[in-house]
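J.: Here you go, one structure.
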Amino acid sequence: MGLLPWLFVVAGLAPFAVYEVRPAPLGAGFVHLLAALLLAGCASLYARALAPQPTRLAWSAGIGSLAGGVALHSANALLELGPTAAQLGMVEGLAYALAALGLLAGLRPLNHRPLQPLLEARYQDARTRTMNRRALEALSDSLERLARRHPVMLMLFEVAPEQHPRVRDLVRGPDLVFYLGKDRFLIVLQNAAPEAALRVRERLERALGVPRVCVLPFQGGDLRHALTQLQAELGV
């Protein structure tokens, strides 16, 4: 999927292989070529984003098509094709239309996973100000995909009921906190080395009097299996 935007750019530069190259000033044509390369690079990054696959595919194709249109505009300007420029302009316009369709198509899956649990009240635990078990189930696929690309640490612990509202305040901003019921919390540390997990664990033990925090490096695979391992270690 990450190569798709670059294929659009190559297609946009096809006139260099078809038409005779004539000396022409660089000017705006060179600037458009740089813009096309930057857009293709951004599209490749979107292909790896933490988002549903339909969204990543649509946005990668949409931005890639935009990059292809800009690359075609660059070729048109650098080659000074004259009458042929009008025909290529129609193709360029089609590329921009496809780009708009791709970006719009990518918005639809965002109404579902993985952002839905972060927005809807039924995925929140109001008393603890954290997400609930239903949110964890909805986000499991995205978290498994994230863990295959970036270091993720899982932390499971029990804490006294009167300390529940304080848990959210003791973790880092990008980390995810889930209340699993029966005084148990799961923290997902994103982009976290073992040292970061150690600091969070010490903070929980010191501030909340947590007797035991179980930590597990998560590198993808089945999140439910990893949670079962943590629960067995915690003795629940």
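J.: With respect to Ala77, determine if the residue is assigned to a helix (DSSP H, G or I) and modelled with pLDDT of 80 or more.
T.: In short, no.
J.: Criterion first (modelled with pLDDT under 75 and either within 17 Å of Val177 (Cα to Cα) or not aliphatic (A, V, I, L, M) (or both)) does Arg108 satisfy it? If you could, list the steps in order and put the result at the bottom.
T.: Working: modelled with pLDDT under 75: yes; either within 17 Å of Val177 (Cα to Cα) or not aliphatic (A, V, I, L, M) (or both): yes.
Taking the combined requirement at face value, the residue satisfies it.
J.: While we're on this one: Would you check if there is a residue in region 219-227 being at pLDDT below 85, closer than 12 Å to Met155 by Cα and crowded, with 16+ Cβ neighbours inside 10 Å?
T.: Taking every residue of region 219-227 in turn, none turns out to be at pLDDT below 85, closer than 12 Å to Met155 by Cα and crowded, with 16+ Cβ neighbours inside 10 Å.
J.: Residue by residue through region 160-205, note down the ones that are at pLDDT below 85 and either assigned to a loop (DSSP other than H, G, I, E, B) or outside the structural domain of Leu146 (by TED's automatic domain parsing) (or both).
T.: If the condition is that a residue be at pLDDT below 85 and either assigned to a loop (DSSP other than H, G, I, E, B) or outside the structural domain of Leu146 (by TED's automatic domain parsing) (or both), then Val171, Arg172, Gly173, Pro174, Asp175, Asn191, Ala192, Ala193 are the ones that fit.
J.: Being at pLDDT below 80, over 30 Å from Gly181 (Cβ atoms) and in contact with a Ser or Thr (Cβ under 7 Å, 6 or more places away or on another chain): is that true of Gly102 here?
T.: Yes.
The values are calculated or read from the model by the stated rules, or taken from the named source; none is laboratory data. Worth saying up front: this structure is predicted, and the values here are computed from it rather than measured. We place every Cβ from the backbone using ideal geometry, glycine too, and count neighbours over all the protein chains shown.
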